[in-house]
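What follows is one structure encoded as structure tokens, with my remarks underneath.
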Amino acid sequence: ARVFKVNPINSANVTYGGLYIDNKDQTNSALDAEMVWEALPVKYEDGKYFLESEFMYFYEDRPPLDTIEYETNDSVWYTRDMQSFERMNAYFHIHSMGTYINGLGYDALTKQLAVDVHSGYADNSAYYPGEHTLSFGIGGVDDAEDGEVVVHEYTHSLSETASPDNTYGTEREAMEEGTCDYMAKAYSRTYNDNTPDQIFSWDGHNEYWPGFSINSKRSYPADLDQTKDGDRDIWSSALMCIHDFIGREATDSLVMEHMYYQAAYSTMPEMANVIMSIDTHSFDMRYHGEIKQCFVDAGFVYRSASVPTLEKRSEYKVLNQSGFASGESDLTIVFSKRVNVQIMDSYGRVLSSHKNLGEITLQPANYIPGMYLIYIEIDGVTFVQKILR
């Protein structure tokens, strides 16, 4: 199929205007020229090609309702004025991002989504965690036409899967949006570095709405607006600063891992320290200087700040997290001494308590999919281990 990579503003190295405007979803030769052929792995059954993969399938959530089409030939060319273009474009970008996330080792988070690319007439898109669905609005520039919007919303699904039902509190909400902005722009910049400081450079930054930036020089806490959208750029800009120092894959690995430690009402300094701690434990402080510089510039940590400890990994080892998360095999935690353990679900409900253990084994059949907290008391100190099922 032919798709935008990631949108015609970026790929053409232009700003919104002239031939590069929405114009009520019409196309022209300039917009058509920005479409690129890409192979799409799909489901084949009974002589039909279904736009379905391990990452997503399409459904109808709300008007305008689409007529789902199945193709019997091996290539498809829709221009942006045709109803099916948004499906092809969203499918490509979700598949590309899902494949990349799996490659980083976070395949437990890429659960199959239901996606509606024409969901409502407003210029708004959303991820709905209760239904695990993505909905893209068609107001202004159709949101599914901009790969940055697609990846931003897709990242919400990864974040929610890692840390369910805890996006509460203004700073936590701002970081949620900022993390998704960062992941969208890091993805976009792998194709083209035009508009490096703009988020949603096709869908926004136009007559419909101003979009968001990712080059903020604002500092925490003095410059906080105390709103979700007003403060997202402080967090996203700090992450992009790290990206520009250490590269996409290393930064994205830190960002994906920190999702497991997100908590309701968490603050930017708290989560900045979590990322610094992940660098300590997972990368042996390889990127400590670069990360700290970006977080100092953003006001999250002080120049003399030390790295906190997330958990004493020498005191215990967690084995087979991936197999447990997928439901295929048991998870085992081995302790260096006898400890007390309490297992809780993400709502804080105690599921079981254990005393004087040398190790504990969890069987996936005994746990529904979700996130669990394991409180480990060692010599009077309590550590928290997050486990995904």
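The values are calculated or read from the model by the stated rules, or taken from the named source; none is laboratory data. As the structure is a prediction and not an experimental result, all values here were calculated from the model. Note that we place each Cβ from the backbone using ideal geometry, even for glycine, and neighbour counts take in every protein chain shown. For the accessible areas, the whole protein counts, side chains as well, though only heavy atoms, and no ligand, DNA or RNA atoms are used. Shrake-Rupley method; radii C 1.70, N 1.55, O 1.52, S 1.80 Å.
If you take all other residues with their beta carbon under 13 Å from the beta carbon of Y106, and give Lys and Arg +1 and Asp and Glu -1, the sum is -3.
For segment 315-389, the C-alpha radius of gyration divided by 2.2 N^0.38 Å, with N the number of residues, is 1.02. Simple point charges give the picture: +1 on the Cβ of Lys and Arg, -1 on the Cβ of Asp and Glu, and for the chain a dipole about the Cα centre of about 1640 debye. Using Rg/Rh (Cα atoms, Kirkwood Rh) as the read-out, say which of [x] 0.99; [y] 1.02; [z] 1.18 was calculated from these coordinates. Matching entry in [x] 0.99; [y] 1.02; [z] 1.18: [x]. Measuring against 21 Å, Cα to Cα, the residue pairs K5/K217; K185/K386; K185/K217; K48/K111; K111/K228; K228/K386 contain K5/K217; K185/K386; K48/K111; K111/K228; K228/K386 as the ones spanning a longer distance. Across D22, D345, D233, mean-square fluctuation computed from a Gaussian network of the chain (C-alpha pairs under 10 Å connected) peaks at D345. Here the calculated FRET efficiency for D229 and H354, from their Cβ-Cβ distance with R0 = 41 Å, stands at 0.40, rounded to the nearest 0.05. Compared with the alpha-carbon gap, the fully stretched path from Q112 to N124 is longer by 2.1 nm at 0.36 nm per residue. Among the chymotrypsin sites (Phe, Trp or Tyr not before Pro) found in segment 328-389, those both in a DSSP coil and sparsely packed, with 13 or fewer other Cβ atoms within 10 Å of their Cβ, are Y347.
Give me the accessible area per residue for segment 5-58, probe 1.4 Å, as a whole number in Å². Spell out each step's value before the answer.
Details: 2950 Å² over 54 residues.
The answer is 55 Å² per residue.
Taking every protein chain into account, the accessible area of segment 195-274 amounts to 39 square angstrom per residue (probe 1.4 Å). Under the simplified labelling scheme, the E54-L319 pair shows an inter-label distance of 2.6 nm, with each label point 7 Å from Cα along Cα→Cβ. For segment 73-95, the residues whose backbone nitrogen is under 20 Å from a point 7 Å from the Cα of Y191, taken along Cα to Cβ, are 75-95.
Over segment 341-389, accessible surface divided per residue gives 54 Å², non-protein components excluded, 1.4 Å probe. Checking every one of the GluC sites (Glu not before Pro) in segment 126-218 against DSSP loop status and a limit of 13 other Cβ atoms within 10 Å picks out E131, E207. Each of S11, M56, I278 was scored by the projection of its Cα onto the charge dipole of the chain, and the greatest displacement toward the positive side belongs to I278; charges sit on the C-beta of Lys, Arg, Asp and Glu. A Förster distance of 56 Å, applied to the separation of the beta-carbon atoms of E38 and T361, puts the FRET efficiency at 0.80. Simple rule: put +1 on each Lys or Arg Cβ and -1 on each Asp or Glu Cβ in the chain, find the dipole, and look at L104, H354, I242; the Cα lying farthest toward the positive end is H354.
Of the listed residues T167, T155, the order by accessible area with a 1.4 Å probe, largest first, is T167, T155. Comparing M82, M35, M183 in a Gaussian network model of the chain where C-alpha atoms under 10 Å apart are linked, the largest mean-square fluctuation is found at M82. When nucleic acids and ligands are ignored and a 1.4 Å probe is applied, W77 ends up with an accessible area of around 140 Å².
In deg cm²/dmol, rounded to 500, what helix-only [θ] at 222 nm does the chain give when every DSSP H run of at least 4 residues adds -39500 (n - 2.57) and the total is split over its residues? Mind showing how you got there, number by number?
Details: 10 runs with 123 residues, N = 389.
Computed ellipticity for the chain at 222 nm equals -10000 deg cm²/dmol.
Counting protein heavy atoms only, the chain has 49 percent of its accessible area on carbon and sulfur, 1.4 angstrom probe. Note on K355: aspartates and glutamates with a C-alpha under 14 Å away, same-chain residues under 8 apart excluded, are E377, D379. Counting only DSSP beta bridges whose two residues both lie in the chain, roughly 90 percent are antiparallel.
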